[in-house]
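Undergrad: First, the structure itself, so that you have it in front of you.
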Amino acid sequence: MTTDLTEAQRRRAARRRHLQQRQTLIFGILITAMVAVALVAAAMWGGVIPSPFARPFSSPEPTDAEAPAVPCPPADALPAPFPEINANVYNATDQSGLAARTARGLAQYGVVIAQESNYGGSFEGVADIVAGPRGLQAAYTVAAIIPGSTVSLDGRDDATVDVILGGAFSEVPAPEAAGFDPNEPLAPPPGCSPVTVPDDDVVEEAPAAG
């Protein structure tokens with residue numbers, strides 16, 4: 001009987017030692033991890049190592065150098081005659097029929113509509129009138145009858161213009177309500193960049209006969 005009691009006490013003592021060893025190991029791991037985290041935090045605070053949270057949470061504002069330059073209209077140019085303007089009208093909104101309705105509004109002025117369809121992207125402004133160097137006079141003429149519109153330059157070689165309608169666009173005003181003066185020179189927007197227009201009249205001289 002005494003032998004059984006002694007064996008039971010020995011087993012209980014062994015279990016207590018095993019439990020204490022496990023607790024010591026677990027607490028040792030936790031304390032080591034806490035010390036490591038504290039050391040890393042102190043190093044980040046002191047600038048020894050970079051912090052993963054030091055990056056900005058938003059994209060930086062674009063600089064003036066990154067912003068696309070607004071092209072100027074030809075110097076002292078008068079508005080182009082509407083029947084000489086060829087325009088494509090593109091709908092960059094989810095309003096059904098906006099391109100067709102706008103094309104009819106431009107046609108009231110005499111603008112020749114070449115194409116009307118949906119745009120492959122989105123535009124939040126009123127309208128963006130896109131043209132190449134040869135079409136800036138026409139582009140600014142169209143912009144003059146669409147209040148709030150902007151003019152952009154691309155590399156096309158002809159004088160056609162694209163009228164891209166944005167989410168803030170409503171309609172083309174009627175000719176009698178537009179207050180358009182064909183004898184008033186096109187006003188350049190503030191800060192615009194002059195654009196060299198190719199000279200169509202340059203004729204290459206023939207070599208002199210020897």
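The values are calculated or read from the model by the stated rules, or taken from the named source; none is laboratory data. Because the structure is predicted, anything quoted here is derived from the model rather than measured. Positions of Cβ are backbone-derived with ideal geometry, glycine not excepted, and every protein chain shown enters the neighbour counts.
Undergrad: Which condition number in (1) in contact with a Ser or Thr (Cβ under 7 Å, 6 or more places away or on another chain); (2) without any contact (Cβ under 8 Å) to a residue 40 or more places away in the chain is the one that P133 fails?
TA: Status for P133: all satisfied but (2).
Undergrad: Could I ask something else about it? Do you know which residues across segment 171-196 are exposed (fewer than 13 other Cβ atoms within 10 Å of the Cβ) and part of a loop (DSSP other than H, G, I, E, B)?
TA: Across segment 171-196, the qualifying residues are E171, A174, G179, D181, P182, N183, E184, A187, P190, G191, P194, T196.
Undergrad: Quick check, is G110 modelled with pLDDT of 95 or more and at positive phi?
TA: Yes, satisfied.
Undergrad: Going by what's in this entry, would P185 be described as outside the structural domain of Y90 (by TED's automatic domain parsing), within 22 Å of P74 (Cα to Cα) and at pLDDT 95 or above? Give the steps one after another, and end with the answer.
TA: Values: outside the structural domain of Y90 (by TED's automatic domain parsing): yes; within 22 Å of P74 (Cα to Cα): yes; at pLDDT 95 or above: yes.
So P185 fits the description; yes.
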